[in-house]
Amino acid sequence: PPPGAKAAARPAGLGRRLAARLLDTVVLGAVTAVAAVPLGTKALDHIDAKIEAAKQSGETVTVWLLDGTTSVHLAVVLAVLLLGGVLYEVLPTVKWGRTLGKKLMGLEVRDIEGHEAPGLGAALRRWLVYSVPGLLVVGVVGVLWCVFDKPWRQCWHDKAAHTFVAG
């Protein structure tokens, strides 16, 4: 960072952080949707065909929604989401200290001690602690944590990576 950057590093406002997160979520969601929509359509067609075959048989049968076909589709979508997250969130955070959303909002992710961009391990840990609980809904608590955290306004993913968002 340039001289004085450490002293100037202050926790970013929550509104700009939220706006940056929403932008990043839209981008990653759009990338994931490119894979999810066609695969989801194929999975639904597959399930409809199984239900129709069960009706035609005239017997009472169990139709499993998750089977060898639909689980492969789901696995591909999750792989796209994970790979997209690493490429879109983790690597730019390591290289520039920011994602596209953070750049547009004038924010940076910084190490809590050195105030530089986090390393690969920290950026990956930050993203995983944000993403995995987020899929389980408990992530809302981890994200809202920054509202009450003092002095750095760290969410759980920031605490796990020893980072904060400056702006």
4 °C / 1.567 mPa s Stokes-Einstein diffusion coefficient of region 90-167, Kirkwood radius on C-alpha pairs, µm²/s: 106
Debye equation applied to the C-alpha atoms of region 6-104, log10 I(q)/I(0) at 0.12, 0.23 Å⁻¹: -0.58, -1.13
Descending Cα extents along the principal axes, the chain, whole Å: 76, 28, 26
Ile47 accessible area, 1.4 Å probe, all protein chains in place, Å² to nearest 10: 30
Distance-filtered residues of region 59-80 - backbone nitrogen under 20 Å, label point 7 angstrom along Val34 Cα→Cβ: 73-80
Compactness of region 87-126, expressed as Rg and Dmax over alpha-carbon positions, Å: 9.2, 25
Degrees separating the helix 68-85 axis from the principal Cα axis of the chain, which is the longest one: 10
Solvent-accessible area per residue, Å², over region 35-167 with all protein chains present [probe radius 1.4 Å]: 59
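For region 59-126, go through all pairs of different Cα atoms, get the mean of 1/r, take its inverse, and jot down that Kirkwood value in Å.
14.4
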Evaluated at q = 0.22, 0.26, 0.28 Å⁻¹: base-10 log I(q)/I(0), Debye formula over Cα of region 20-63: -0.73, -0.84, -0.89
Listed residue (Ala36, Ala19, Ala54) projecting farthest to the positive dipole end of region 14-54, Cβ model: Ala19
Heavy atoms of Asp48: accessible area, 1.4 Å probe, square angstrom to 10: 90
Angle in degrees between helix 139-148 and the longest Cα principal axis of the chain, rounded to the nearest 10: 20
Counted charge near Gly101, where neighbours are those whose Cβ lies closer than 11 Å (Asp, Glu -1; Lys, Arg +1): +4
Alpha-carbon centroid distance for the pair region 83-98 / region 8-58, whole angstrom: 20
Rounded tilt (10° steps) of 14-57 against the dominant C-alpha axis of the chain: 10
Carbon + sulfur, % of accessible area of region 8-159 - ligands and nucleic acids excluded, 1.4 Å: 72
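The values are calculated or read from the model by the stated rules, or taken from the named source; none is laboratory data. These figures come from a predicted structure and were not determined experimentally. Cβ sites come from the backbone with ideal geometry, for glycine too, and all protein chains shown count toward neighbours. Side chains are part of the model used for accessible areas, which takes the heavy atoms of the whole protein and leaves out ligands, DNA and RNA. Shrake-Rupley method; radii C 1.70, N 1.55, O 1.52, S 1.80 Å.
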